[in-house]
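Novice: Have a look at this one.
We did not get these values from a lab; they are worked out from the coordinates using the rules stated. For clarity, every value in this text was computed on a predicted model and none was experimentally measured. No Cβ is skipped: glycine too gets one built from the backbone with ideal geometry, and neighbour counts run over all protein chains shown.
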Amino acid sequence: MENQEKDYSHIKGWGIDADPKNDPTYPMRKRSNDEHNGYGWKRPPQQPIDIEVLHSNERPNVTAVFGTSAPPSGLSGMIRRYAFRYGEGSFAHWLPLLMADRVNVVEGILDDFRRGRVPNIFAERGGKAEWKHNPKGMVQKVAIGVVVVTAVVALLSRRSRSSES
Amino acid sequence: MLAMSYRGPQRVRIDQKPMPEILHPQDAIVRVTRSCICGSDLHLYNGNVPDTRVGETFGHEFIGVVEEIGPDVHKLKVGDQVIVPFNIACGECTFCKQELYGNCHESNPQATAVGGIFGYSHIAGGYNGGQAEYVRVPYANVGPTVIPDWMHPDDAVLLTDVVPTGYQAAEMGGIQKGDTVAVFGAGPVGIMAARSAWLFGAGRVIVFDQEEYRLDFVRKFAQCEAYNFKSIEDPVVFMKKTTDSLGADVCIDAVGAEAAGSAMQTITGRKLLLQAGSSTALQWAINSAKKGGIVSIVGIYGPTGNLVPIGNVVNKGLTIRANQASVKRLLPRLIEHIRNGVLSPRQLITHHIPLEEISDAYRIFSDKLDNCIKPVLIPPSARI
């Protein structure tokens, strides 16, 4: 091997956590075999379930605590409920969830308008920082966007002209 | 209160949100004094993690002051300044009893594969995170740890995830004295993994990334070799050549789903979402490891599947070790290392940004602008 150094005195703390027992067969958990008794531990008290909580069908219950950040709602919520019929190993679980996320983005924009707020997408995307630190890249992105949009518009208008003739 | 609000892929903003409340007898409410944006937050930011809902607040790396406690909280008191590990752990289930605090079975109803994590979508329990002024912290007797008086808050906030994750990456590598360790990724976690590898007695530490400023930093911070994979034709061949054609004893994937370096992986994993992110770093790690070697994974991937050369894992007899860091288990040792000057994580922090400028902070970190390595967000109430 190249550059194999033997003196590590310049590296503060070299070897102080070395553990010869830590080979691949040395478990990193404090094994107790308690899990052989199944789901038998004394559970913490249950957080009141006063919102809709979707739970994996790979467990029997809602965990003792859970987050309340964004309960399922609207069309995206319906898709999420469908997804949770399937197990965590199934694409039928994850792909609808990804779809629900995209639907949820549209719902978010509509919700902003409903509340009288026009989302400032330029600011939300950190446009100010990009302009300050990477103006060239930003101009490039805008130019590519303009070219793509122009090409699409030109293509569509040519098609409509040819279908008229 | 002010809190970050996810609006869609690459769209975040600051909104006024209701104050969090005690919802469980073991809850605490923490006023945030510092929070970070983590590399794994970028998976959420880019819309790559399923069940990331509009309106959620991200942020699993934060410290703060205890403002309120539930009736069953007895290990903390109001006014305590605390490190809040990113894992939400009950301390009672069979996995917590084994100190697998990242695998708690009583904190995430939505998925059994991972325990609860602050601000990490509904795949990790649906909790609001710390990129806000206040946070609800469940199981406050278990995770939160009082910050020692002598500790700098910038060191403390990095103990919530980055330092333990990097350290555990090296620990899972089962490094033996003299081992060659390859670290893929010179983000904050990769940098800490490289630094930690020496603590376990590594004989040689080699880091790969594509950002020159990060490579420069890791060379100095971790006193290791560092190479730009863009200037190397094939990092795997490079690793073989530099190890007498054998490969590294230990390879660490410290990147996860956002990995660059392979157009095919980028397109299928990051653009089309046909995989759970790009697994280029993991592929390199597997292929660069010596026969009988160990691959340690701390890079985060989505829940579906990835293209990895599993045949090579079998044929080379590799051991793969992976997990979310068990922060609570590691904190005592890491606090000791900081106190003794062995580790100085706050050197990683390049940006202190007001919480109100969250959209710009994400853009800077995501696009690696302004030589950003680690941004810290400061809420207005912490600036008074």
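Novice: Among A:V53, A:V106, A:F91, which residue has its Cα furthest toward the positive end of the charge dipole of the stretch A:45-119, with +1 on Lys/Arg Cβ and -1 on Asp/Glu Cβ?
Specialist: Result: A:V106.
Novice: Starting from the Cα of B:D72, step 7 Å along the direction of its Cβ; do the same at B:N312; then give the gap between the two resulting points in nm.
Specialist: A separation of 4.8 nm, rounded to one decimal place.
Novice: Taking only pairs that are 8 or more places apart or on different chains, how many Lys pairs in the stretch B:162-322 have Cα atoms under 18 angstrom apart?
Specialist: 12
Novice: Using a Förster radius of 51 Å, what is the FRET efficiency between B:Y213 and A:D19 based on their Cβ-Cβ separation? Nearest 0.05, please.
Specialist: For R0 = 51 Å, the calculated efficiency reads 0.90.
Novice: Going 7 Å from the Cα of B:R333 toward and past its Cβ, which residues in the stretch B:175-213 have a backbone nitrogen under 16 Å from where you end up?
Specialist: Inside the label zone: B:175-177, B:192-202.
Novice: Excluding same-chain residues fewer than 8 positions from A:K30, which aspartates and glutamates have a Cα within less than 13 Å of its Cα?
Specialist: B:E99
Novice: Another question, if that's okay. When the helix-only estimate is applied to the protein assembly as shown (DSSP H runs of n ≥ 4, each -39,500 (n - 2.57), divided by the residue count), what is the mean residue ellipticity at 222 nm, nearest 500 deg cm²/dmol?
Specialist: About -9000 deg cm²/dmol.
Novice: Moving on to the next point. Quick one: dipole size for the stretch B:131-202, taken about the Cα centre, charges +1 on Lys/Arg Cβ and -1 on Asp/Glu Cβ, in debye to the nearest 20.
Specialist: Magnitude of the dipole: close to 200 debye.
Novice: Using a cut-off of 14 Å between beta-carbons, work out the net charge of the residues near A:L110 (Lys and Arg +1, Asp and Glu -1, A:L110 not included).
Specialist: Neighbour charge sum, excluding A:L110 itself: +2.
Novice: Another one. Taking a cut-off of 30 Å between Cα atoms, list the lysines near B:K17, but don't count ones fewer than 8 places away on the same chain.
Specialist: A:K128, A:K132, B:K75, B:K77, B:K328, B:K368, B:K374
Novice: What residue among A:V65, A:V106, A:V152 has the largest mean-square fluctuation in a Gaussian network model of chain A, using Cα springs under 10 Å?
Specialist: Between A:V65, A:V106, A:V152, it is A:V152 that shows the largest mean-square fluctuation.
Novice: Under a point-charge model restricted to the Cβ atoms of Lys and Arg (+1) and Asp and Glu (-1), what is the dipole moment magnitude of the stretch A:45-119 relative to its Cα centre, in debye to the nearest 20?
Specialist: Value, rounded to 20: 140 debye.
Novice: Can I ask one more? For the pair B:D244/A:R159, report the inter-label distance in nm, with labels modelled 7 Å from Cα in the Cβ direction.
Specialist: The modelled label-to-label distance comes out at 6.3 nm.
Novice: Ignoring GluC sites (Glu not before Pro) that are buried or in helix or strand per DSSP, and keeping those with at most 14 other beta carbon atoms within 10 Å, what is the longest stretch of chain B between them?
Specialist: The longest such stretch corresponds to B:22-232.
Novice: Now, a different point. At R0 = 41 Å, how high is the FRET efficiency between B:S381 and A:V118 if r is their beta carbon distance? Nearest 0.05 is fine.
Specialist: Efficiency at R0 = 41 Å is approximately 0.90.
Novice: How charged is the neighbourhood of B:Q347? Take every other residue with its Cβ under 11 Å from the Cβ of B:Q347, and add Lys/Arg as +1 and Asp/Glu as -1.
Specialist: Around B:Q347, the surrounding residues sum to +2.
Novice: So, one more: At 0.36 nm per residue, minus the direct Cα-Cα distance, what do A:R43 and A:K132 gain on full extension? Give it in nm, one decimal, please.
Specialist: Length difference between fully extended and current span is 26.8 nm.
Novice: Could you calculate the FRET efficiency of B:K368 with B:K177 from 1/(1 + (r/R0)^6), where r is the beta carbon distance between them and R0 is 45 Å, rounded to 0.05?
Specialist: 0.80
Novice: How far is the Cα center of the stretch B:67-105 from the Cα center of the stretch B:298-366, in Å?
Specialist: If you average the Cα positions of each part, the centres end up 21 Å apart.
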